[in-house]
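Undergrad: The structure under discussion is supplied below as structure tokens; questions concerning it will follow.
The values are calculated or read from the model by the stated rules, or taken from the named source; none is laboratory data. All figures in this text were calculated on a predicted structure; none of them were measured in a lab. Positions of Cβ are generated from backbone atoms using ideal geometry, with glycine treated the same way; all protein chains shown enter the neighbour counts. Note: areas computed on protein heavy atoms with side chains; ligands, DNA, RNA excluded. Shrake-Rupley method; radii C 1.70, N 1.55, O 1.52, S 1.80 Å.
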Amino acid sequence: MVLSATLSARCCCRWQPSDPGRRQLGVGSIVVFLHQGRRRRCGSLTLRRCVLEKNKREKPLPISLEETAENLEDENTLPSGKIEDLVSLHDVDVSKKEAKDLDEHEQTQSEVTYIEKEVEYVGEEDRILTKVTDKKKEADVDTEEQTQTKVTFTNDKKEDGDNGEQRLTKVTYNIVFVTAEAAPYSKTGGLGDVCGSLPIALATHGHRVMVLSPRYLNRTLDKNYASAKDLGKRIRVSCFGGEQEVAFFHEYRAGVDWVFVDHPSYKRPGSLYGDENGTFGDNQFRYTLLCHAACEAPLVLPLGGYTYGENCLFLVNDWHAGLVPILLAAKYRPHGVYKDARSILVIHNLAHQGVEPAITYGNLGLPPQWYGALEWVFPNWARKHALDRGETVNILKGAIVTTDRILTVSQGYAWEITTAEGGQGLNELLSCRESVLDGITNGIDVDVWNPASDKHIPFNYSVDDLSGKHLCKAALQKDLGLSVRPDCPLIGFIGRLDYQKGTDIILSAMPELLQDDVQFIMLGSGDPATEQWMRWAESAYRDKFRGWIGFNEPISHHITAGCDIILMPSRFEPCGLNQLYAMRYGSVPVVHCTGGLRDTVETFNPFADEDGAGTGWTFSPLSKESMLAALRTAIKTYREHKSSWEGLMKRGMLKDFSWERAAVQYEQIMEWAVLDPPYAGRDAAL
């Protein structure tokens, strides 16, 4: 047998039950799979693997293992052979010709002692240290895999050791974000924040990054695209019964290629997804165009003088970009295109899945045999009438079954979507792919949300000098017509006025809460009934309640800085940003224990240390009683334990919620994504 161009061995891993290549592992053993099937990763950060890369050595395998060790030490290369053959290092067959060259002692042995390889995981730099030793020589080699299965070494000798250390050049990727919105160009919520900040953080790590989103022209957003230039490239994509022509606009900013897909369907009044009459009826068409254009852009757009090419890593966000992994598997890989590309699905909100009638499948530009990937049948209780078969196409479901890895925007939400309560009907499917499901908490723009330099607040402050926060509170009370009282707890709510955010719980608790000596501010828009209640409450509780209907960025900054407590009783929250902003500004969050809120807010424990531990309060279950209990505990702490309250503020302000932290975690997921072959569509390309 001979060694493959890429040979991976991992200990402590999980395989799919159908994997015929499964073997029993022993400690330190190297296992090779003759099966081309999918391998699965365990949750542990301890990976044991050995990677042998194909090179251009003139002498192919088989060669003796003694020569292998010499080559590793002298030439810093690894032996290669035919791509088709995989073999365990414990089972190498020594040819008769080579056996004659062995010394007399080795020929008499019943077994040949081979090189022992131990693979250890190296911590912070996410590198793999492979120790290759024989009876006489020992060399240390750091190896990493790249999408092109190419390894480049640089020599770097240690001063404190006799042996030389060979370091691997950092692996970088061609990353393509596909998203319906990206700040500051377009934004309706957290999705825009993520796709506006994370690409910049990854670009600073040396990756080549492109962000593709629609070029929305609705008069309000037109000025945001003023710097984007027409690339003069027109392509035609086949979908919805014909060929649709799209154009591309481009702006290079902050080390990122911002590419905007231009089409008449993106040019209309209203918001990104609808207007005063509701959601646009052609959203499936609009985002199908986006996905087709996103798959073509890396191949045809010479950004910076050359294209991104086929070896890309696509980060597809929510259902709007969900067709991308399906197109890679069904349209491109069968023709040998994107055969080395990978896709990572990022779920920001599972409640939105892109569900349309089954008859619309023919409009998506996919082969008929791939209908099963998107097929979705509603249960009987969810159907509208007796003749409704419940047959639909679900774009997010199709992305889940074809993507290489799945991410959510917090670890807590990654678990919740595998449960019946939080899975929105997809929990069983997501549970089947749990081995590739992870969660990474979103970051925040620490330059924009910085109390020391924020231009939207009247007084700046920092963790070392909190005097400005007290002045911000007084200014907020004065601006809103409330009594300026430093001793009165000021509670704030910022968010959409809808069922998910738990505004009904706030409304039911408000009469009882405002019996206490507190002040309350609400900022948001959404449910008309809730908006009308805010108008009524402002007149009924003139000295204690203020409401601001709509969204105003400067006011949101001022409320975050001026309030003592930020309340978030969300029913579910994939990540949540307001609690991160609150802690950054020294406001203490009181939140429902769910999703990203549970991950980011640590309940105050006054007995942990001298000043206690924790950054706020979480409550569960979601009810008026439990929310009021948590609020009253926070209010009592504010009034009676000033030193503990100051400790809560400072611990929150010192938390690291930067995108730099999140970018490092995303890089780890990318590394895992390229370890295995593409999850879907690769067999058609073989």
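Undergrad: Please tell me if LEU313 is open to solvent by less than 40 Å² (accessible area, probe 1.4 Å), touching a helix residue (DSSP H, G or I) at 6+ places or on another chain (Cβ under 9 Å), closer than 17 Å to ALA180 by Cα and not acidic (Asp, Glu).
TA: So LEU313 fails the test.
Undergrad: Given the structure, is SER238 closer than 18 Å to PRO264 by Cβ and either part of a strand (DSSP E or B) or open to solvent by 10 Å² or more (accessible area, probe 1.4 Å) (or both)?
TA: Taking the combined requirement at face value, the residue satisfies it.
Undergrad: Also, I was wondering about something else. Of all residues in the range 252-302, which are crowded, with 16+ Cβ neighbours inside 10 Å and acidic (Asp, Glu)?
TA: ASP257, ASP262, GLU296
Undergrad: Which residue pairs have Cβ atoms closer than 7 Å, lie 6 or more positions apart in sequence or on different chains, and pair a first residue in the range 541-559 that is closer than 16 Å to MET510 by Cα with a second residue that is aromatic (Phe, Trp, Tyr) and buried (at least 20 other Cβ atoms within 10 Å of the Cβ)?
TA: Cβ pairs passing all conditions: LYS544/PHE520; PHE545/PHE520.
Undergrad: Still on this structure: Applying the selection to the range 231-245, what residues are more than 25 Å from PRO368 (Cβ to Cβ) and either touching a residue at least 24 places away in the same chain (Cβ under 8 Å) or polar (S, T, N, Q) (or both)?
TA: Of everything in the range 231-245, those that are more than 25 Å from PRO368 (Cβ to Cβ) and either touching a residue at least 24 places away in the same chain (Cβ under 8 Å) or polar (S, T, N, Q) (or both) turn out to be LEU231, LYS233.
Undergrad: So how many residues does the range 322-342 have that are under 14 Å from VAL176 (Cα atoms) and without any contact (Cβ under 8 Å) to a residue 40 or more places away in the chain?
TA: Of the residues in the range 322-342, 0 are under 14 Å from VAL176 (Cα atoms) and without any contact (Cβ under 8 Å) to a residue 40 or more places away in the chain.
Undergrad: Continuing with the same structure: Confirm whether GLU573 is open to solvent by less than 50 Å² (accessible area, probe 1.4 Å) and either closer than 26 Å to ASN450 by Cβ or acidic (Asp, Glu) (or both).
TA: The answer is yes for GLU573.
Undergrad: A further question on this structure: Hey, can you tell me all the residues within the range 207-220 that are open to solvent by 30 Å² or more (accessible area, probe 1.4 Å) and in a loop (DSSP other than H, G, I, E, B)?
TA: Filtering the range 207-220 for residues open to solvent by 30 Å² or more (accessible area, probe 1.4 Å) gives 208, 215, 217, 219-220.
The answer is ARG215, LEU217, ARG219, THR220.
Undergrad: Out of all the residues in the range 221-235, which are surrounded by 14 or more Cβ atoms within 10 Å (Cβ to Cβ) and closer than 18 Å to ALA183 by Cα? Working first, answer last.
TA: Within the range 221-235, the subset surrounded by 14 or more Cβ atoms within 10 Å (Cβ to Cβ) is 221, 224-225, 228, 231, 233, 235.
Once the filter is applied, which keeps residues that are surrounded by 14 or more Cβ atoms within 10 Å (Cβ to Cβ) and closer than 18 Å to ALA183 by Cα, the range 221-235 yields LEU221, ASN224, TYR225, ALA228.
Undergrad: Could you please give the count of residues in the range 609-627 that are in contact with a Cys (Cβ under 8 Å, 6 or more places away or on another chain), buried (at least 16 other Cβ atoms within 10 Å of the Cβ) and farther than 17 Å from GLY652 by Cβ?
TA: Looking only at the range 609-627, we keep the residues that are in contact with a Cys (Cβ under 8 Å, 6 or more places away or on another chain), and these are 618-620.
Subset that is buried (at least 16 other Cβ atoms within 10 Å of the Cβ): 618-619.
If we keep only those that are farther than 17 Å from GLY652 by Cβ as well, we get 619.
Total satisfying the criteria: 1.
Undergrad: Right, here's the next one. Of all residues in the range 241-251, which are open to solvent by less than 40 Å² (accessible area, probe 1.4 Å) and not charged (D, E, K, R)?
TA: Going through the range 241-251, the residues open to solvent by less than 40 Å² (accessible area, probe 1.4 Å) turn out to be 242, 244, 246-251.
Within the range 241-251, GLY242, GLN244, VAL246, ALA247, PHE248, PHE249, HIS250 qualify.
Undergrad: Further question: Of the conditions (1) hydrophobic (A, V, I, L, M, F, W, C); (2) closer than 17 Å to LEU577 by Cα; (3) at pLDDT 95 or above, ILE635 fails just one. Which one is it?
TA: All conditions pass for ILE635, except number (2).
Results for (1) more than 22 Å from the chain's Cα centre (by Cα); (2) not in a helix (DSSP H, G or I), shown as yes or no for each residue.
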| residue | (1), (2) |
| --- | --- |
| LYS384 | yes, yes |
| ASP388 | yes, yes |
| LYS397 | no, no |
| VAL401 | no, no |
| ILE406 | no, yes |
| TRP415 | no, no |
| GLY425 | no, yes |
| LEU430 | no, no |
| VAL446 | no, yes |
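Undergrad: Please name all residue pairs, on different chains or six or more residues apart, with Cβ atoms under 8 Å, provided the first residue is in the range 273-295 and is touching a residue at least 24 places away in the same chain (Cβ under 8 Å) and the second residue is among the polar types (S, T, N, Q) and in a helix (DSSP H, G or I).
TA: That search, which allows pairs on different chains as well, returns TYR273/ASN283; GLN284/THR360; GLN284/ASN363; PHE285/SER265; PHE285/ASN363; ARG286/SER265; THR288/ASN363; LEU289/SER265.
Undergrad: Return the residues of the range 169-206 that are in a loop (DSSP other than H, G, I, E, B), open to solvent by 30 Å² or more (accessible area, probe 1.4 Å) and over 25 Å from LEU327 (Cα atoms); say none if nothing qualifies.
TA: Initial filter on the range 169-206 (in a loop (DSSP other than H, G, I, E, B)): 169-173, 179-189, 204-206.
Okay, now just the ones that are also open to solvent by 30 Å² or more (accessible area, probe 1.4 Å), so 169-170, 172, 184, 187-188, 204-206.
The answer is THR169, LYS170, PRO184, LYS187, THR188, THR204, HIS205, GLY206.
Undergrad: Just the residues that are crowded, with 19+ Cβ neighbours inside 10 Å, of a type in the set (S, T, N, Q) and in contact with a strand residue (DSSP E or B) (Cβ under 6 Å, 6 or more places away or on another chain), please, taken from the range 580-608.
TA: Hit for the range 580-608 is SER587, nothing else.
Undergrad: Scanning for something within 17 Å of PHE493 (Cβ to Cβ), modelled with pLDDT of 95 or more and over 22 Å from the mean Cα position of the chain (by Cα), does the range 592-604 turn up at least one residue?
TA: Within the range 592-604, one or more residues are within 17 Å of PHE493 (Cβ to Cβ), modelled with pLDDT of 95 or more and over 22 Å from the mean Cα position of the chain (by Cα).
Undergrad: Among what's in the range 349-361 and is touching a residue at least 40 places away in the same chain (Cβ under 8 Å) and either closer than 20 Å to ALA293 by Cα or in contact with a Pro (Cβ under 6 Å, 6 or more places away or on another chain) (or both), pick the residue that is surrounded by the fewest Cβ atoms within 10 Å (Cβ to Cβ).
TA: In this case the residue turns out to be THR360.
A quick yes/no check of all residues on (1) open to solvent by 50 Å² or more (accessible area, probe 1.4 Å); (2) within 30 Å of ASP404 (Cα to Cα); (3) of a type in the set (S, T, N, Q):
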site: GLN424; (1), (2), (3): yes, yes, yes
site: LEU437; (1), (2), (3): no, yes, no
site: ILE457; (1), (2), (3): no, no, no
site: HIS470; (1), (2), (3): yes, no, no
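Undergrad: Something else about it: Scan (1) open to solvent by 10 Å² or more (accessible area, probe 1.4 Å); (2) part of a loop (DSSP other than H, G, I, E, B); (3) among the small types (Gly, Ala, Ser) for the single condition ALA475 breaks and write down its number.
TA: ALA475 satisfies every listed condition except (2).
Undergrad: Out of everything in the range 493-521 that is more than 30 Å from the chain's Cα centre (by Cα), farther than 16 Å from GLU538 by Cα and touching a residue at least 40 places away in the same chain (Cβ under 8 Å), what residue ends up being surrounded by the most Cβ atoms within 10 Å (Cβ to Cβ)?
TA: Here the residue is ILE505.
Undergrad: Then there is this: If you go through the range 390-404, how many residues are of a type in the set (Lys, Arg) and either crowded, with 24+ Cβ neighbours inside 10 Å or over 18 Å from VAL178 (Cα atoms) (or both)?
TA: Looking only at that region, the number is 0.
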